[in-house]
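Taking it in order: structure first as structure tokens, then the write-up.
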Amino acid sequence: MIIYVQVKTHSSIESVQKVAEGEYLARINALPQAGQANKRLIEVLADHFQISKTSISICSGKSSKYKKIEIL
């Protein structure tokens with residue numbers, strides 16, 4: 001399954017909200033430095049979808065706030 005995620009970093013509350021079919025808004029408290037935000041995003045998405053972290057990978061947008069995510 002492919003989803004598109006807009007990431008808002010340095011948020012006080014972490015959450016994942018469905019915006020439209022296949023599109024999500026993720027708020028995370030990590031900073032966008034040295035891959036910290038991407039790592040935390042995978043952790044938050046894994047918790048939201050109740051799957052393992054290894055089942056989630058970032059296909060594109062590793063340095064962007066708009067990401068294409070593949071969920072196995």
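The values are calculated or read from the model by the stated rules, or taken from the named source; none is laboratory data. Fair warning: this is a prediction, and the values are worked out from it, not measured in the lab. Counting neighbours? That spans all protein chains shown, and the Cβs are built from the backbone with ideal geometry, glycine included.
In the stretch 1-59, of all residues being touching a Pro at 6+ places or on another chain (Cβ under 9 Å) and surrounded by 13 or more Cβ atoms within 10 Å (Cβ to Cβ), the one that is modelled with the lowest pLDDT corresponds to THR9. Count of the stretch 45-59 residues, restricted to those that are farther than 10 Å from LEU72 by Cα and in contact (Cβ under 8 Å) with a residue 12 or more places away in the chain, is 5.
Return yes or no: is LYS62 touching a helix residue (DSSP H, G or I) at 6+ places or on another chain (Cβ under 7 Å), in contact (Cβ under 8 Å) with a residue 24 or more places away in the chain and not acidic (Asp, Glu)?
On the way: touching a helix residue (DSSP H, G or I) at 6+ places or on another chain (Cβ under 7 Å): yes; in contact (Cβ under 8 Å) with a residue 24 or more places away in the chain: yes; not acidic (Asp, Glu): yes.
Criteria met by LYS62.
Within the stretch 40-56, the residues that satisfy the criterion of being outside any helix (DSSP H, G or I) and among the β-branched types (Val, Ile, Thr) are ILE51, ILE56.
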